[in-house]
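J.: Could you have a look at this structure, given as structure tokens, before my questions?
The values are calculated or read from the model by the stated rules, or taken from the named source; none is laboratory data. The shown structure was predicted, so the numbers you read here are calculated from the model rather than taken from an experiment. Quick reminder, even Gly has a Cβ in these numbers, built from the backbone with ideal geometry, and neighbours come from all protein chains shown.
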Amino acid sequence: MGIRFILMVNKQGQTRLAQYYEYLTLEERRTLEGEIVRKCLARNEQQCSFVEHRTYKIVYRRYASLFFLVGVDNEENELAILEFIHLLVETMDRHFGNVCELDIMFHLEKAHFMLEEMFNKAL
Amino acid sequence: MALSGMRGLSVFISEIRNCQNKEQERLRVDKELGNIRTRFKNEKGLSPYEKKKYVWKMLYIFMLGYDVDFGHMEAVSLISAPKYPEKQVGYLVTSCLLNENHDFLRLAINTVRNDIIGRNETFQCLALTLVGNIGGREFAESLAPDVQKLLISSSCRPLVKKKAALCLLRLVRKNPDVVNVDGWSDRMAQLLDERNVGVLTSSMSLFVSLVSNNHEAYWSCLPKCVKVLERLARNLDVPQEYTYYGIPSPWLQVKTMRALQYFPTIEDPNTRRALFEVLQRVLMGTDVVKNVNKNNASHAVLFEALALVMHLDAEKEMMSQCVALLGKFIAVREPNIRYLGLENMTRMLMVTDVQDIIKRHQAQIITSLKDPDISIRRRALDLLYAMCDTSNAKDIVEELLQYLGTAEFAMREELALKAAILAEKFAPDLSWYVDVILQLIDKAGDFVSDDIWFRVVQFVTNNEDLQPYAALKAREYLDKPAIHETMMKVSAYLLGEYSHLLARRPGCSPKEIFGIIHEKLPTVSTPTISILLSTYAKILMHSQPADPELQNQIWAIFSKYETSIDAEIQQRAVEYFALSKKGAALMDILAEMPKFPERESSLIKKAEDTEADTAELSAIKSRAQQQASNALVVTGQQPANEPPQVTQLGMVKIPSINNLENNHVDQEVTQTNGTMGEVEPQNADILGDLLSPLAIEGPPGVSGTETLSEDGALALAPVGEQENAIKPVVDIAEKFHDLCVKDSGVLYEDPYVQIGIKAEWRGHQGRLVLFLGNKTTSSLDAVNAVILPPSHLKLELSSVPEIIPPRSQVQCPLDVVNLRPSRDVAVLDFSYKFGTNLVDNKLRIPAVLNKFFQPVTLSAEEFFPQWRSLAAPPLKLQEVVRGVRPMPLGEMANLLNSLRLIVSPGLDPNANNLVASTTFYSESTRSMLCLVRIETDPADRTQLRMTVASGDPTLTFELKEFIKEQLISIPTASTPPVPQQPQPTIQPISSSDPGALLAGLL
């Protein structure tokens, strides 16, 4: 049980925030992010929010131009993670007032801080 | 807070954002990294504000995927800053940038500890978060007791407690052996009484982790968990801020139910009753609502409740309720619920016996196999696989086969394997099984491993009733215009053994069978040819007394292959030829194959292997893996295919004589492996061995070679595609190919450096000059050039200066002596440092075989006596080359001429043929005349027959392979790694080849 990483990525596939909870080398991260982003961004609204990739299950959610991707292992309640993402977004909304990509880019420290604080829900 | 005030950082982020392309972004990042580096160098003048700003930039750059290999010290030092903004940055960046093994972390331990035991709550939180995120061993050893103390301290506020619980959780998870949790059950029980939902949630997470390691110690906590559930789900006793869309903390509910699943049962009847009451409420009371979030949250709880009910193996009544719910879920429109419905049904099958109820939903599940979403299709496939039994195998397998036709690449292999296993496990009758497997090979031959068709052969051999049917089916498939190679193997085997059973049917006389099989021979690969030869021998045997015409035809084929370069084929041809001369005695020698002893299906074992790493691997990789696992399954010894891959890699970089030896060993391993695995010990009489087509798999390193060439390509990629920050501006592979036919030109170029080459060749010696040019206005440091010579070349590079001054060029002469013929290539490992970037390139040096040629033109009077005197292998080798890059004859002549193989027009009477000659120089061979003849087929430009002759067997072989590479490979710019492939990958093939073995001996 557990979250392995959290990514926030824009529509172009650029990473806007990344937090890993296990050690991966830079190269591994880059490849992983590329693969996942390619897979998830190609999916449409009618498809489910879960994608299996290597040993991970990616639970993702799209908000306007921003994708939230959470990598979990097989022992995780997918819907709980999905709603954790929403809770995080709601919290960010509360703070930034309708959060957008730029808020996260230019307030990286706040985004990180909120993530840390919310994390106990999901762990 | 921190970022808001930092203009420089905002500007930097904006600039990065405005970059039009990756290249611009890289330049901007490089500039910034340079800037930060210089600022950090004279750290004295740096204010905390500036330091903070730069560290943020570093984090930002790191997040974008660039390597930040400096400034870690600065980040760590910020941890000890007195003020929050700096400290926060320090903690955050440290936890992102450094991993648990990083040395600098050790420096920070004391500061972190001081913050944890200090009185400032926000600092405590920061420190606990860092420790939790990194969770390293040293942290665990020195800090776990402090964290534990905080968690149970009564004076500690919820804010800190939450963090302490999470921190401890991570430490326990990562270092279960270090963190001492003996006697924690009482404390845990106490924590689970917590009223504050935030602290309770964190504690529950910790509890899940502890219980998962050792539930025995925590029985006393079980009732507490049920209490928590009652409080949340029944009493709704939760403060407003912890309800989510009206649901009392769904996350805590989920976690509590998860914790309960780690206990095997619940003994106490009261607790059990209370829990089931709650579960019943969840199962019944969850309705589908409009609000997506509420719906998701309530279903998160519902799915967890389902899992818990399944685990506790409740009364049958509740179980069927669960299946009913899941049945509803897999039919809803909402894809998430459908996905989870399928997933949980599969799980349910594993824990309880509900097969019959689930079967009612079979139609719906099959529909999901056609869902547009691959995630859902995967789940459906898994479920179908799990629910299959004798009653529904026919339907399910047929669905899978049908789906196989349209399935995407990513799923095909898994699909094929699963269909094969189900067919084997649950076949209602054996003819159906044969049908399924043949269809499978027909539709997805590439994904049908040898195991699968071996298995068919075993079944057919062991079941006499099946033999005519299988032979007939095989015969039918051969009528198809194009059939897969695997199909060719299996049909050839089956027809060889059993076609006489069909003799009275139309189109099945020995002659016709032979005709239709032999028609396909030119299209199959070497291992299949050996099977075909066995088939011919068998046909001959079954048609005794033989039809003289057929017999002559087959004898002609045998005698043709008696000179085959492939040892296996050659041996078969020679022996079959000799045996078949024995007339009726042949019957005794080539009798039908005896029955195989019953054995466990290797497929099923393999399925377990493959399931572990689901279909997400690239096809090549998984196939290679599959082959390795084949070996494992079949022989039960070390996967013999593995080691060559390793040496393979080594060979490319540092070719040395050792490799040759290694390859001998490897080959032996493969050989024993093959014989042991495929031929049953019961069949130990020698002829049985030889005749068993199944023995092919092993001997000439065939399967190994396949893996090698595929994997070799993979392993090679790094040579072509180095992950340097600085990318070459020219196509290295293309330049190399140009230089193979030219004597001067550019070998490599990137924004900073250009390497040119100029070469002179005389006989077996050559002198190259490398021109190393610095294109920039600053000097290049740490320049290093090392030659990795192959064993057949003696290379001497004069010293290379360590620094190349700005805008200047240095010349480095390189002397080459060719010792003996070989196609191996020398590699130049060239590295230098520009700014922060270490650039390292492995470049092939164009000192290739054809450089040691001296053109020679021969007249007909000179050519033909030579040609005739070099009559047979190994001095004269002939091969039919397929997959040739189609080109007009003139172009081919030019290509040969450019390689200094001078074409003599008019020597060959046939205008479609080319004859060329050259003289080769090396220390071992001295000067040696080489003759080449290429016969092309104007109707099919992709294949040709090539004959190469010289006075030295190694040279003949190497030259033949060399020309083949030139004809087959596509040295174009578009795919740089591809041209790399031929040179090195050929090596292992050749070393399992008699010619190369010979070469090795010489």
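J.: Only residues that are more than 9 Å from chain B (Cβ to nearest Cβ) and of a type in the set (Phe, Trp, Tyr): list them for the stretch A:1-49, please.
T.: A:5
J.: Is it the case that residue B:390 is touching a helix residue (DSSP H, G or I) at 6+ places or on another chain (Cβ under 7 Å), free of Cβ contacts under 8 Å to residues at least 40 places away in the same chain and over 22 Å from residue B:233 (Cα atoms)?
T.: Values: touching a helix residue (DSSP H, G or I) at 6+ places or on another chain (Cβ under 7 Å): yes; free of Cβ contacts under 8 Å to residues at least 40 places away in the same chain: yes; over 22 Å from residue B:233 (Cα atoms): yes.
Taking the combined requirement at face value, the residue satisfies it.
J.: Further question on the same structure: List, please: which pairs have Cβ atoms under 9 Å, are six or more places apart or on different chains, and start with a residue in the stretch B:139-163 that is closer than 13 Å to residue B:196 by Cα and of a type in the set (A, V, I, L, M) and end with one that is at pLDDT below 90 and surrounded by fewer than 23 Cβ atoms within 10 Å (Cβ to Cβ)?
T.: Taking only residues 6 or more apart or on different chains, the pairs are B:160/B:153.
J.: Tell me yes or no: at least one residue of the stretch B:167-184 is under 35 Å from the mean Cα position of the chain (by Cα), within 11 Å of chain A (Cβ to nearest Cβ) and of a type in the set (Asp, Glu). Lay out the reasoning, then the answer.
T.: Of the residues in the stretch B:167-184, the ones under 35 Å from the mean Cα position of the chain (by Cα) are B:169-177.
Next cut, within 11 Å of chain A (Cβ to nearest Cβ) only: B:169-170, B:173-174.
Okay, now just the ones that are also of a type in the set (Asp, Glu), so none.
No, the stretch B:167-184 contains no residue that is under 35 Å from the mean Cα position of the chain (by Cα), within 11 Å of chain A (Cβ to nearest Cβ) and of a type in the set (Asp, Glu).
J.: To continue, here is another question. Go through (1) at pLDDT below 90; (2) of a type outside the set (Lys, Arg); (3) in a helix (DSSP H, G or I); (4) within 30 Å of the chain's Cα centre (by Cα) for residue B:419 and report which single condition fails.
T.: Checking residue B:419 against (1) at pLDDT below 90; (2) of a type outside the set (Lys, Arg); (3) in a helix (DSSP H, G or I); (4) within 30 Å of the chain's Cα centre (by Cα), the one that fails is (1).
J.: At least 1 residues that are surrounded by 15 or more Cβ atoms within 10 Å (Cβ to Cβ) and within 11 Å of chain A (Cβ to nearest Cβ) in each: list the helices (runs of 4 or more DSSP H) lying fully within the stretch B:58-166 that qualify. Don't jump to the end; show me each part of the working.
T.: Details: elements: B:72-78, B:84-97, B:103-117, B:121-134, B:137-152.
Answer list for the stretch B:58-166: B:84-97, B:121-134.
J.: Now a separate question. When the stretch B:359-372 is examined, which residues are found to be surrounded by fewer than 20 Cβ atoms within 10 Å (Cβ to Cβ) and not small (Gly, Ala, Ser)?
T.: Here is the first cut: in the stretch B:359-372, the ones surrounded by fewer than 20 Cβ atoms within 10 Å (Cβ to Cβ) are B:359-360, B:362-364, B:366-367, B:370, B:372.
Matches in the stretch B:359-372: B:359, B:360, B:362, B:364, B:366, B:367, B:370, B:372.
J.: Looking for whichever is modelled with pLDDT of 90 or more and either more than 25 Å from residue B:429 (Cα to Cα) or polar (S, T, N, Q) (or both) here; the options are B:472, B:532. Which one fits?
T.: That would be B:532, the only listed residue that is modelled with pLDDT of 90 or more and either more than 25 Å from residue B:429 (Cα to Cα) or polar (S, T, N, Q) (or both).
J.: While we're on this one: Within 26 Å of residue B:292 (Cα to Cα), surrounded by fewer than 20 Cβ atoms within 10 Å (Cβ to Cβ) and within 9 Å of chain B (Cβ to nearest Cβ): does that describe residue A:75?
T.: yes
J.: Could you list all residues from the stretch B:299-338 that are surrounded by 17 or more Cβ atoms within 10 Å (Cβ to Cβ), among the β-branched types (Val, Ile, Thr) and not in a helix (DSSP H, G or I)?
T.: Result: B:330, single match.
J.: Residue B:494 passes all but one of (1) buried (at least 20 other Cβ atoms within 10 Å of the Cβ); (2) closer than 28 Å to residue B:541 by Cα; (3) within 29 Å of the chain's Cα centre (by Cα); (4) not charged (D, E, K, R); which number fails?
T.: (3)
J.: Okay, moving on. Could you tell me whether the stretch A:86-94 includes any residue that is modelled with pLDDT of 90 or more, among the polar types (S, T, N, Q) and surrounded by fewer than 20 Cβ atoms within 10 Å (Cβ to Cβ)? Full working, then the answer.
T.: Filtering the stretch A:86-94 down to residues modelled with pLDDT of 90 or more leaves A:86-94.
After this cut, where a residue has to be among the polar types (S, T, N, Q) as well, the list is A:91.
Still in the running and surrounded by fewer than 20 Cβ atoms within 10 Å (Cβ to Cβ): A:91.
There is at least one residue in the stretch A:86-94 that is modelled with pLDDT of 90 or more, among the polar types (S, T, N, Q) and surrounded by fewer than 20 Cβ atoms within 10 Å (Cβ to Cβ).
J.: A follow-up question, please. Name the pairs: first residue in the stretch B:191-205 and more than 14 Å from residue B:166 (Cβ to Cβ), second residue of a type in the set (A, V, I, L, M, F, W, C) and in a loop (DSSP other than H, G, I, E, B), Cβ to Cβ under 7 Å, at least 6 apart or on different chains?
T.: Qualifying pairs under 7 Å: B:197/B:238.
J.: Could you list all residues from the stretch B:522-549 that are within 20 Å of residue B:503 (Cα to Cα) and surrounded by fewer than 20 Cβ atoms within 10 Å (Cβ to Cβ)?
T.: Passing the criteria: B:544, B:545, B:547, B:548, B:549.
J.: Looking at (1) at pLDDT below 90; (2) touching a Ser or Thr at 6+ places or on another chain (Cβ under 8 Å), which is the one condition that is false for residue B:249?
T.: (1) is the only condition that residue B:249 fails.
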